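Quick notes on the structure that follows.
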Amino acid sequence: MIQPDIQQKLFSILERKNAELSEYSLGFPPEETPYNLSRNFPGYEDYALELGSGWGEFVLHEAGKNPGIFYVAIEKKKKRVLRAIRRQKELGLANIRWLILDINWFFANLFCQEQFSRVIINFPDPWPKRRHHKHRFFSASFLGELTLITKKGGILEFATDFYPYLEEVFWYLEGNPAWHNKYGRGVILPHVEGRFVSYYEEQARRAGLATFFLFYQRV
Ligand SMILES: C[S@@+](CC[C@H](N)C(=O)[O-])C[C@H]1O[C@@H](n2cnc3c(N)ncnc32)[C@H](O)[C@@H]1O
């Protein structure tokens, strides 16, 4: 629970950062909470969310390929988002909005329930040292939030090159009856043919590291 005065400070930091994104910003703080994408951005077949989007190459690729889907990309680093927006402008894509947000500061109740048909988490910071695990944003309660905002039938995609984090997320998902493995009980894929390769996936491959992918469907 964040103290109200700290929350106010965090809000103003995020408000300032997001203001720089102009028309590409999802808007922070939201005009109304929770964000209601189907009301504020109507006319799309579906809504997708990428968390920790980095330089944005994955969401830019997906949005270009699927103009009928509206994407929200959340990333805490402003420089990365500004660079992604420059690319979005060059590509002329209308279907992405960005939110500069530290998911560890605010995430609960940010979006309306059953909003997203796809939630993408590619190569989140692994924080390998035990004393740093608290910085990881994926936890059982975070999965609870994702469960609320994902539509029934929607897919959660999680990719990493750090096996202990994979294992942790795997057991959260296995232990939550709202999710089932899209490819069969306990399936962890080492590679997904045809899936766009994000910057960090590319780095992992170059370094010869194994990669792991989970695809879970909301029941
Ligand atoms: C290892 S990079 C992966 C970037 C991209 N998804 C990829 O696969 O290339 C992790 C990204 O998540 C962002 N990130 C880490 N923790 C975050 C948090 N709590 N809230 C929002 N973004 C976060 C980092 O700033 C970074 O850009």
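Every number in this text was worked out from the coordinates using simple rules, so none of it is lab data. Just so it is clear, the structure is predicted and the values come from calculations on it, not from any experiment. Ideal geometry is used to build each Cβ from the backbone, glycine not excepted, and the neighbour counts take in all protein chains shown.
Net charge near P128: determine it from the other residues with C-beta under 14 Å of the C-beta of P128, scoring Lys and Arg +1 and Asp and Glu -1. Let's see the in-between values first.
Numbers: positive: K129, R130, R131, K134, R136; negative: D125, D161, E167, E168.
Taking every Cβ under 14 Å from that of P128, the sum is +1.
Can you pick out the pairs among K9/K151; K65/K151; K9/K65; K79/K152; K129/K151; K9/K134 whose Cα atoms lie more than 31 Å from each other? Show your work: numbers first, answer last.
Working: K9/K151 33 Å; K65/K151 21 Å; K9/K65 38 Å; K79/K152 34 Å; K129/K151 34 Å; K9/K134 21 Å.
Where the Cα-Cα span goes over 31 Å, the pairs concerned are K9/K151; K9/K65; K79/K152; K129/K151.
Just going by the charge dipole of region 53-206, with Lys and Arg at +1 and Asp and Glu at -1 on Cβ, which of G92, L189, Y199 is farthest out on the positive end?
So the residue we want is G92.
Given the Cα-Cα distance of R185 and S22 and 0.36 nm per residue of separation, how much length would full extension add, in nm? Intermediate values should be presented prior to the final figure.
Working: separation 163, 0.36 × 163 = 58.68 nm, distance 4.41 nm.
So the extension gain works out to 54.3 nm.
Using just the C-alpha positions of region 4-218 as equal point scatterers, what log10 of I(q)/I(0) does the Debye formula give at each q in 0.08, 0.13 1/Å?
Log10 I(q)/I(0), no solvent term: -0.27, -0.74.
Distance in nm between label sites at R39 and K9, each 7 Å beyond Cα in the beta-carbon direction?
3.3
If you add up the charges near N181, with Lys and Arg at +1 and Asp and Glu at -1, over every other residue whose beta carbon is less than 13 angstrom from its beta carbon, what do you get? If you can, show how the numbers build up before the last one.
On the way: positive: K182, R185, R218; negative: E157, E174.
Overall, the nearby charge balance is +1.
List the pair-distance distribution P(r) of region 1-118, using every Cα-Cα distance, as the percent of pairs falling in each 10 Å bin from 0 up to the bin containing the longest distance, rounded to whole percents.
13, 48, 32, 6, 0
In a Gaussian network model over the chain where Cα atoms closer than 10 Å are linked, find which of E157, E20, E75 has the largest mean-square fluctuation.
Of the options given, E20 has the highest mean-square fluctuation.
Which peptide among 181-189, 121-129 comes first, and what is the full order, when sorted by highest mean count of other Cβ atoms within 10 Å?
Details: 181-189: 12.1, 121-129: 16.9.
Result, highest mean Cβ count within 10 Å first: 121-129, 181-189.
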